[in-house]
């Protein structure tokens, strides 16, 4: 059985805590590895190593840092199938989905390769007589990322390429459910020429998280996960004087207007709701069917669900794999049972499909007549369950979305350009799709929601990611003639 350890200062470090967490193959239910969970001392060791490495890395030229990123990008591209295989083995998503995740991660490495452009400051000559003013952005120091199980390659790549390229050293605390892919990332960063100690991995649970949030030498923390934990990370981290971006959960609505192409909308709904078994913070979990769109849309989705092939992610025929753990599978299934008790109509019941073996499978479910107040509407399910809320008008659809505590992503399907433009202005959400069901921004924009989907002022990756991992400094410069120097006790004036 594989033992998964910390990587600190370029070396494997075995945990001395005596505590471990099991890693499963979700398609079979078999335990494939044990993660050694960190002690406080082991977190402190990683911080100390990262702090020492930062002292030289921050003075490394932009040209050399960029060269490391370019080499790392080429290595990740070369090993993308290895990343995908490890990802599928521990997460369960199908190989095509795993490859897609790796490629979206690559986009963020490519963005980091342009760091010399992103870090350019501003310059004003002769802002005052013989005085020039310019700005620079400098790294923060030791920064950390706490990442979720659902995107174990992509989400860390939202963080550490930008942070490292900007001159910081980085500590990653990945999910203990599927940590192996980041071992490969550490190997490739080393091959790319990154000095030991600039990138470190601490395996752990709440003990490690709390120490990261409290440690005085960690300047900033990035987090992606559920809303309750995101709120905890933000409050605890900022209380301890850290810069924090904490991305939480979601309840993403897809509005379908009566004029929409129903076939296109149904295809999009099935893809966005059941892809990666619904374990995406940008998954569509609620269809808002406006007026006469409801019946034909539900019929079209119902017709498509049986064509979704659920199975082992390594099987090329599979389109949807298992959920991450047995406990999570059972939790998701409970929402279907509770929805029926609450008065929703279970149109397609994924619990009815049986699977051989011990895998954590659950087929897609579709719920109709879902209403606010029901658990299946109010809570983030994070599984292959799609609910339909029927409303009479566009205004009711907007109110429904805006009244929800989450504000991560949303989408509208329509042929009406005016309605689409109005929607993007009216709706309270951080990311909007127009006939695009999963509007995850490309790497040169930034990712993040509103409301309870984001705690902190900064979105992830892109321009805001660069700003998050750097601090601005403004320099006012003057080179006067010593012969004209004099004492002036007045407040400086721009003249």
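The values are calculated or read from the model by the stated rules, or taken from the named source; none is laboratory data. Since we're looking at a predicted model, the values are computed, not measured. Glycine also receives a Cβ, built like all others from the backbone with ideal geometry; neighbour counts cover every protein chain displayed.
Structural remarks
- Checked against the criterion of being in contact (Cβ under 8 Å) with a residue 24 or more places away in the chain and under 26 Å from residue 137 (Cβ atoms), the range 405-426 contains not a single residue that satisfies it.
- Among the residues listed as 268, 272, the single one being within 30 Å of residue 289 (Cβ to Cβ) and more than 20 Å from the chain's Cα centre (by Cα): 268
- Per-region count, the range 369-387, residues in contact with a helix residue (DSSP H, G or I) (Cβ under 6 Å, 6 or more places away or on another chain) and surrounded by 18 or more Cβ atoms within 10 Å (Cβ to Cβ): 9
- Only one entry in 190, 180, 135 is surrounded by fewer than 24 Cβ atoms within 10 Å (Cβ to Cβ), assigned by TED's automatic domain parsing to the domain that holds residue 50 and in contact with a helix residue (DSSP H, G or I) (Cβ under 6 Å, 6 or more places away or on another chain), namely 180.
- Residue 263 at pLDDT 95 or above and touching a strand residue (DSSP E or B) at 6+ places or on another chain (Cβ under 9 Å): no
- Taken together, the criteria exclude residue 244 from residues that are part of a strand (DSSP E or B), more than 21 Å from residue 146 (Cα to Cα) and at pLDDT 95 or above.
- Scanning the range 355-366 for any residue that is under 28 Å from the mean Cα position of the chain (by Cα), over 25 Å from residue 460 (Cβ atoms), in contact (Cβ under 8 Å) with a residue 60 or more places away in the chain and assigned to a helix (DSSP H, G or I) turns up nothing.
- So residue 445, is it free of Cβ contacts under 8 Å to residues at least 24 places away in the same chain, surrounded by fewer than 18 Cβ atoms within 10 Å (Cβ to Cβ) and farther than 25 Å from residue 154 by Cα: no
- Among residues of the range 19-46, those that are free of Cβ contacts under 8 Å to residues at least 60 places away in the same chain, over 12 Å from residue 207 (Cβ atoms) and not in a strand (DSSP E or B), counted: 1
- Residue that is modelled with the highest pLDDT [pool: residues in the range 346-358 that are within 18 Å of residue 327 (Cβ to Cβ) and out of contact with any helix residue (DSSP H, G or I) (no Cβ under 9 Å at 6 or more places or on another chain)]: 355
- Subset of the range 165-177 (residues that are closer than 20 Å to residue 60 by Cα and either part of a helix (DSSP H, G or I) or out of contact with any helix residue (DSSP H, G or I) (no Cβ under 8 Å at 6 or more places or on another chain) (or both)): 165
- Every residue from the range 304-353 that is loosely packed, with under 13 Cβ neighbours inside 10 Å and outside any loop (DSSP other than H, G, I, E, B): 306, 307, 327, 330, 341, 352
- Hey, residue 99 within 30 Å of residue 382 (Cα to Cα), free of Cβ contacts under 8 Å to residues at least 24 places away in the same chain and surrounded by fewer than 21 Cβ atoms within 10 Å (Cβ to Cβ) or not: yes
- Residue count, the range 465-495 (criterion: at pLDDT 85 or above and in contact with a strand residue (DSSP E or B) (Cβ under 8 Å, 6 or more places away or on another chain)): 13
- Scanning the range 266-293 for residues that are buried (at least 21 other Cβ atoms within 10 Å of the Cβ) and either assigned to a helix (DSSP H, G or I) or on the phi > 0 side of the Ramachandran plot (or both) turns up 266, 268, 269, 270, 272, 273, 274, 275, 276, 277, 278, 293.
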